[in-house]
Amino acid sequence: MARRAVNPNRRLVDTGNTPFSGLLHPKSRSSPLLSVGLVLLGAFLLIGYLYSGSGGSGGVREVISRDGGASCTPEVIRAIPTLKKAYGGSMHKILHVGPDTCTVVSKLLKEDDIEAWGVEPYDLDDIDSSCKGLVRKGFVRLADIKFPLPYKSKSFNLVIVSDALDYLSPKYLNKTLPDLARVSADGLVIFAGYPGQQRAKISELSKFGRPAKLRSSSWWIRYFVQNGLEENETATKKFEQEATKISYQPSCQVFHLSS
């Protein structure tokens, strides 16, 4: 049987319908490039709009900080003037317990008539020369607060704790909290995170060993009562009054306990 001849005109039409035929046409070569260029231009404009809307790099850093989780240790520094008004002479000899205690101790030592010491419950990584000096002079110690602190009873007028208790299970809280009260003569101040407000950064899990367990104020109050720790009503009232005067609103929960 003879092969049927192929119509050359039909072959040309079929070829023109192939997916890549447009690329072969001189007038259509710029079309894909133009589309890509418009897409890239739109992407750059969108990024620029979002960046300017967030207030520049500062806004980006703020979002990252909120997502990564905040610490109550900076809140201790903010609260120092209010604490001084609330506790008066009891602010003479202070022990701070919590991460980044070098920063708190450095700030307290600059205050008049205040002696300050600190306990860092976690590893001291990449510390600066100032913190190394505090450790060398004995102002700051590295100690596991799951065990008794290396101080005699009533060694300090006031003990301030930030963040550290959020990483302890009730099993260890039962040992640590009474020991913190033991070394305090006049009172114990606890700064703790609000539930849902803070989360430990993934990079910090290896340091703390577990994510923060952020408890409600009602949980803490029940726990204090169950363990025989009473609220320092006088200090609480003075602290709240002074905070109201200067429009200071703590971003962490603050509990004032009698020793």
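The values are calculated or read from the model by the stated rules, or taken from the named source; none is laboratory data. Fair warning: this is a prediction, and the values are worked out from it, not measured in the lab. Quick reminder, even Gly has a Cβ in these numbers, built from the backbone with ideal geometry, and neighbours come from all protein chains shown. Only protein heavy atoms, including side chains, enter the accessible area calculation; ligands, DNA and RNA are left aside. Shrake-Rupley method; radii C 1.70, N 1.55, O 1.52, S 1.80 Å.
Here is a yes/no grid of residues against (1) in contact (Cβ under 8 Å) with a residue 40 or more places away in the chain; (2) within 18 Å of residue 166 (Cβ to Cβ); (3) in contact with a Cys (Cβ under 9 Å, 6 or more places away or on another chain); (4) not basic (Lys, Arg):
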residue	(1), (2), (3), (4)
213	yes, yes, no, no
217	no, yes, no, yes
220	no, yes, no, yes
223	yes, yes, no, yes
243	yes, no, no, yes
246	yes, no, no, yes
252	yes, yes, yes, yes
255	yes, yes, no, yes
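Kindly check whether there is at least one residue in region 171-180 that is within 30 Å of residue 245 (Cβ to Cβ) and either open to solvent by 10 Å² or more (accessible area, probe 1.4 Å) or at pLDDT 90 or above (or both). Yes, some residue in region 171-180 is within 30 Å of residue 245 (Cβ to Cβ) and either open to solvent by 10 Å² or more (accessible area, probe 1.4 Å) or at pLDDT 90 or above (or both). Selection over region 91-113 of residues that are in contact (Cβ under 8 Å) with a residue 12 or more places away in the chain, of a type outside the set (S, T, N, Q) and open to solvent by 20 Å² or more (accessible area, probe 1.4 Å) gives a count of 7. Residue 241 meets each of the listed conditions (1) part of a helix (DSSP H, G or I); (2) at pLDDT below 95 apart from (2).
Checked against the criterion of being at pLDDT below 95 and more than 22 Å from the chain's Cα centre (by Cα), region 156-169 has no qualifying residue.
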